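J.: For reference, the structure I am asking about is given below.
The values are calculated or read from the model by the stated rules, or taken from the named source; none is laboratory data. If you're wondering where the values come from, they're calculated on a predicted model, not measured in any experiment. With ideal geometry, Cβ positions are generated from the backbone for all residues, glycine too; neighbour counts draw on all protein chains shown. Only protein heavy atoms, including side chains, enter the accessible area calculation; ligands, DNA and RNA are left aside. Shrake-Rupley method; radii C 1.70, N 1.55, O 1.52, S 1.80 Å.
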Amino acid sequence: MPGEAIEHVRQTAGEILAAADYLTEFYERFQRVEGVVWKLERAQHFHEPDVPSWAALMEGDWNRALALMEKMRFTDDLPPHVELRRLRIVDTPLTPYMQWEIVLLAARTRAGERARALDAAAVRHLERAAPLPELLILGPDLMYEILYDQIGAHIGGRRITDPRVIEPCVRVLADLYGRAEGMLGYYEREVAPLPPPEISRIST
C-alpha cells in the first residue's frame with residue numbers, strides 16, 4: 001500500500017548526516033549514478049540564503065530575482081548519464097516561494113530535468129500522519145530523507161540503504177509522477193500570468 005511505504009520511511013532507522021557531510025556525500029555519489037534519480041519535494045517554503053535569486057525574492061525585488069535566475073547554470077547540476085525525475089507537490093494558492101520555485105523548475109526542465117507538478121490534493125491520502133517527507137532516491141539501495149528545520153533551512157540528510165524500504169517508495173513516486181503535469185505546461189498556465197509575489201505573506 002502507498003501509505004505503508006511512506007510510513008516505513010518514517011519508521012526506518014537511518015544514519016543522520018549533518019548538512020556539510022550530506023552534501024559532500026550526495027555530490028560524490030550523484031556523479032557516479034546512472035539512470036533514473038527520483039526527487040520528491042513537499043514543503044511549500046525553503047530558506048535558501050546562499051541563492052542570490054532567492055535573497056532578491058525575499059527582499060521583494062522580483063525582477064532582480066528573475067534576472068539572477070537567468071544567470072544560473074542549471075546544466076552544470078545534472079550529469080549527462082542521469083535522468084532526474086523531480087516531483088513537486090504544490091498547494092494552492094501558491095506561496096511566494098512556490099511561485100519563485102516553479103519559475104526555477106521550469107528553467108531546470110529546459111536544461112534537462114524531468115520535473116512535474118502535482119496538486120497536493122492527490123497526496124492527501126498519504127499524509128494522514130504527517131506531510132510527505134522530502135526524498136531523494138539515487139538507486140535501489142540508497143535513499144536520503146532531506147532534513148530541514150522549522151523555517152525551511154537545510155540541516156542535513158538521513159541515509160537509508162534498505163532496498164525493502166526504497167523499492168516501494170520508488171513505486172509510489174512513479175505512480176504519482178505518472179499522474180503529475182509537466183512543469184513547463186504547469187508554469188505557463190498557473191505561474192506565468194501571475195503578478196509578482198507579495199513577500200509579506202511569509203516569514204523569512
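J.: Could you calculate the contour length gain from ASP162 to ALA13, that is, 0.36 nm times the residue separation minus the distance between their Cα atoms, to one decimal place in nm? Kindly include the intermediate steps, with their values, before the conclusion.
T.: On the way: separation 149, 0.36 × 149 = 53.64 nm, distance 0.94 nm.
Going from the current span to full extension adds 52.7 nm.
J.: Please list, in order along segment 133-142, the HN-Hα scalar couplings obtained from phi with the Karplus expression 6.51 cos²θ - 1.76 cosθ + 1.60 (θ = phi - 60°), rounded to whole Hz, x for Gly and Pro.
T.: Along segment 133-142, the couplings run x, 7, 10, 9, 10, 9, x, x, 10, 8 Hz.
J.: Can you give the helix-only mean residue ellipticity at 222 nm for the chain, where every DSSP H stretch with n ≥ 4 adds -39500 (n - 2.57) and the sum goes over all residues, rounded to the nearest 500 deg cm²/dmol?
T.: Values: 7 runs with 74 residues, N = 204.
It comes out at -11000 deg cm²/dmol, rounded to the nearest 500.
J.: How large a share of the accessible area of segment 24-169, in percent, is made up of carbon and sulfur atoms when the probe is 1.4 Å and the other protein chains stay in place?
T.: Details: 3390 of 6820 Å².
It is 50 percent, rounded to a whole number.
J.: Antiparallel as a % of all DSSP beta bridges within segment 81-204, to the nearest 5?
T.: Details: 12 of 18 bridges.
In segment 81-204, DSSP labels about 65 percent of beta bridges as antiparallel.
J.: Extent of segment 13-129 along each principal axis, from alpha carbon coordinates, in Å, largest to smallest?
T.: Projected onto the principal axes, the Cα atoms of segment 13-129 cover 38, 38, 29 Å.
J.: Which value in nm describes the separation of the simple spin-label points at ILE155 and PHE30, placed 7 Å from the Cα toward the beta carbon?
T.: Placing both labels 7 Å along Cα→Cβ, they lie 2.2 nm apart.
J.: Compute the long axis of helix 19-30 from its Cα atoms, compare it with the longest principal axis of the Cα atoms of the chain, and write down the angle in degrees, 0 to 90, nearest 10.
T.: Once rounded, the angle reads 80 degrees.
J.: Right, here's the next one. From the backbone phi of segment 171-181, what are the Karplus-calculated ³J(HN,Hα) couplings (6.51 cos²θ - 1.76 cosθ + 1.60, θ = phi - 60°) in whole Hz, Gly and Pro given as x?
T.: 4, 4, 5, 4, 5, 5, 4, x, 9, 7, 9
J.: In segment 1-156, what % of DSSP beta bridges are antiparallel (nearest 5)?
T.: 40 percent
J.: Ok, one more. Measuring from centroid to centroid over Cα atoms, what is the spacing of segment 154-171 and segment 49-76 in Å?
T.: For segment 154-171 versus segment 49-76, the Cα centre distance is 30 Å.
J.: Looking at the chain from every direction and averaging, what is the projected area of its Cα convex hull in nm²?
T.: So the mean shadow area of the Cα hull is 10.9 nm².
J.: Ignoring ligands, DNA and RNA, what accessible area per residue does the chain give at 1.4 Å, in Å²? Each step should come with its number before you reach the end.
T.: Details: 10380 Å² over 204 residues.
It amounts to 51 Å² per residue over the chain.
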